[in-house]
Structures are given as C-alpha cells and as structure tokens.
C-alpha cells in the first residue's frame with residue numbers, strides 16, 4: 001500500500017485498520033492543525049499541558065477561529081488532557097480539584113468537537129506504596145464515573161491513557177500503568193475506553209500484545225512510539241524493542257479499527273505511515289503478492 005494524496009486534501013493512505021492518524025509533535029493548537037494538514041494526518045493533539053492551550057487560554061473568539069480552521073483544513077482535534085492533573089490522587093481533596101479542572105477541558109472539547117484523553121497522574125512519596133496506589137485506583141474510578149456522566153451530558157467521548165510503569169524513577173508512582181490497573185478500572189466503569197500507549201506499556205517490562213489481546217474491545221485508539229523499555233523515549237517506530245510485527249498481526253486477527261496517534265520524535269511524519277503500511281501489507285497480503293502501486 002503506497003502513500004498517495006487525496007484530491008480533497010493531503011491525507012495519506014493508511015492501513016485498513018486505521019480510521020485516521022493523529023500527529024503529536026508538540027506544536028500549539030493552531031500550528032498543530034496546520035502541521036497535521038501539511039503532513040497528511042487526519043487528526044492532531046491539542047496538548048492541555050501547554051500553557052497556551054489550557055482551557056483558561058481559550059476565548060470565545062479563539063474557539064470560533066479554531067472551528068473555522070477545522071472546517072477549512074478538514075482535520076480534527078483530539079484534546080490531550082493535562083497529564084499533570086492528579087485525577088487518581090490518593091488525596092481526595094486534590095482529586096476533587098483535578099476533576100473540576102477536567103470539566104473545563106471537557107467544556108472546551110465540546111466546543112471543538114474533540115474527545116478528551118485522561119491520565120491517572122501520580123502519587124508522591126507515599127509511606128505505604130501498596131495502600132496509596134489502591135486508594136488512588138479507587139479514587140480514579142470515582143473520578144472517571146463522575147467525569148463520564150458530565151462528558152456524556154456535553155456529547156464528549158473520554159479515553160483513558162495508560163502511563164509508564166517506571167521501576168527506577170521513584171519516589172513518584174504513576175497510576176494506571178499495568179494490566180491489573182486496567183482491569184480494575186475498566187471493570188468498574190462500563191463503557192469507558194482506552195487510548196493504549198504501546199510505548200508506555202513497554203516501559204518497566206509490560207507486554208503490549210498480551211494487553212491488546214485481552215482488552216482490544218475496550219481500546220478506542222492507539223498511541224505509537226518506540227522505546228528500549230527503560231523510559232518513555234518517543235523513538236521512531238522500529239528503533240526500540242517493541243514487537244510491531246506481532247502487534248500488527250494481533251490487530252489484524254482481532255479485526256480492530258480505530259485512530260492511531262504517533263508521538264515520535266526525530267522522524268518525518270510520512271515515515272510513520274510508511275512503517276505501519278509496510279507491516280500491514282506483510283501481514284494481510286497473500287504470500288508472494290505484489291502490493292498495488294497507486
């Protein structure tokens with residue numbers, strides 16, 4: 001499957017399991033939309049961790065202008081919520097404040113027609129790690145339940161992003177980092193979906209293929225980048241230890257479809273799509289078949 005341009009825009013040709021491609025290269029919201037369009041991606045991240053893109057920075061005029069840009073370019077936003085918000089804090093008062101902040105992100109996303117990505121956040125220097133994480137997970141479930149009710153009233157979809165399970169970078173501990181956490185939360189919040197960050201899962205020894213095979217029906221989207229497993233490196237695909245060929249086989253076997261975000265650094269955006277196209281072709285084309293050139 002070769003890359004081609006659409007007559008309507010610069011969209012690339014993606015593997016059939018991808019309903020679109022999200023680009024994240026840390027631009028501000030407006031520049032990010034232009035960047036997605038110029039490089040053939042269908043979606044881009046508005047990063048809520050950027051000071052200039054926090055909900056408080058959006059006037060009604062800016063929202064209007066962004067909606068016009070979305071319509072003009074034909075690209076769609078995904079609001080990447082501020083990962084610093086302690087939505088899974090073991091301190092109830094902090095968690096409540098983070099939920100109120102999240103609601104402002106949901107309000108903005110409703111105006112822009114975007115889903116919102118949630119992060120559990122972290123806990124710092126707990127006296128009892130096991131107890132604090134258990135409390136944080138319980139609190140995260142409560143946060144998501146309330147946030148989901150609020151988001152549904154606004155017509156906004158929520159996606160939970162897993163964070164890296166660091167083994168050597170304490171005294172902080174991320175929440176929602178491994179299959180036990182995913183099961184615990186997903187079992188208690190019917191209907192909620194994940195954006196599954198494959199790089200994050202790999203950090204600390206996780207198994208992306210096993211997670212996908214078990215939870216594929218709860219995964220709304222992927223985030224792709226590579227790593228050697230020690231940290232969230234955002235390497236280009238194929239430069240680390242992730243088994244992309246095996247994951248592609250699993251995706252095809254499970255007949256999964258959805259958006260894929262690419263959070264890769266030091267790589268041309270088209271190379272991401274060339275990489276996943278080549279893997280897809282090798283896994284679905286009959287042996288010795290010649291891919292169609294378009």
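Residue 145 meets the stated requirement of being touching a helix residue (DSSP H, G or I) at 6+ places or on another chain (Cβ under 9 Å) and surrounded by fewer than 16 Cβ atoms within 10 Å (Cβ to Cβ). When restricted to residues that are in a loop (DSSP other than H, G, I, E, B), touching a helix residue (DSSP H, G or I) at 6+ places or on another chain (Cβ under 7 Å) and farther than 20 Å from residue 102 by Cβ, segment 41-67 contains 1.
Candidates in segment 112-125 are the residues that are more than 19 Å from the chain's Cα centre (by Cα) and surrounded by fewer than 17 Cβ atoms within 10 Å (Cβ to Cβ); of these, the one that is modelled with the lowest pLDDT is 125. Would you be able to say whether some residue in segment 20-29 is assigned to a helix (DSSP H, G or I) and either within 20 Å of residue 259 (Cβ to Cβ) or touching a residue at least 12 places away in the same chain (Cβ under 8 Å) (or both)? Yes - at least one qualifying residue is present in segment 20-29.
Here residue 88 meets the list (1) modelled with pLDDT under 95; (2) farther than 19 Å from residue 114 by Cβ almost entirely, failing just condition (1).
If you filter segment 64-111 down to residues that are farther than 26 Å from residue 146 by Cβ and touching a strand residue (DSSP E or B) at 6+ places or on another chain (Cβ under 9 Å), you find that the one that is surrounded by the fewest Cβ atoms within 10 Å (Cβ to Cβ) is 70. What's the total number of residues in segment 143-178 that are free of Cβ contacts under 8 Å to residues at least 40 places away in the same chain and in a helix (DSSP H, G or I)? Total meeting the criteria: 3.
Put simply, of 87, 118, 108, 99 the only residue that is in a helix (DSSP H, G or I) and within 28 Å of residue 180 (Cβ to Cβ) is 99. Here is a check on your reading of the model: is residue 14 buried (at least 19 other Cβ atoms within 10 Å of the Cβ), touching a strand residue (DSSP E or B) at 6+ places or on another chain (Cβ under 7 Å) and touching a residue at least 40 places away in the same chain (Cβ under 8 Å)? When the stated conditions are applied, residue 14 passes them.
The values are calculated or read from the model by the stated rules, or taken from the named source; none is laboratory data. Please read these numbers as outputs of a predicted model, since none were measured by experiment. Counting neighbours? That spans all protein chains shown, and the Cβs are built from the backbone with ideal geometry, glycine included.
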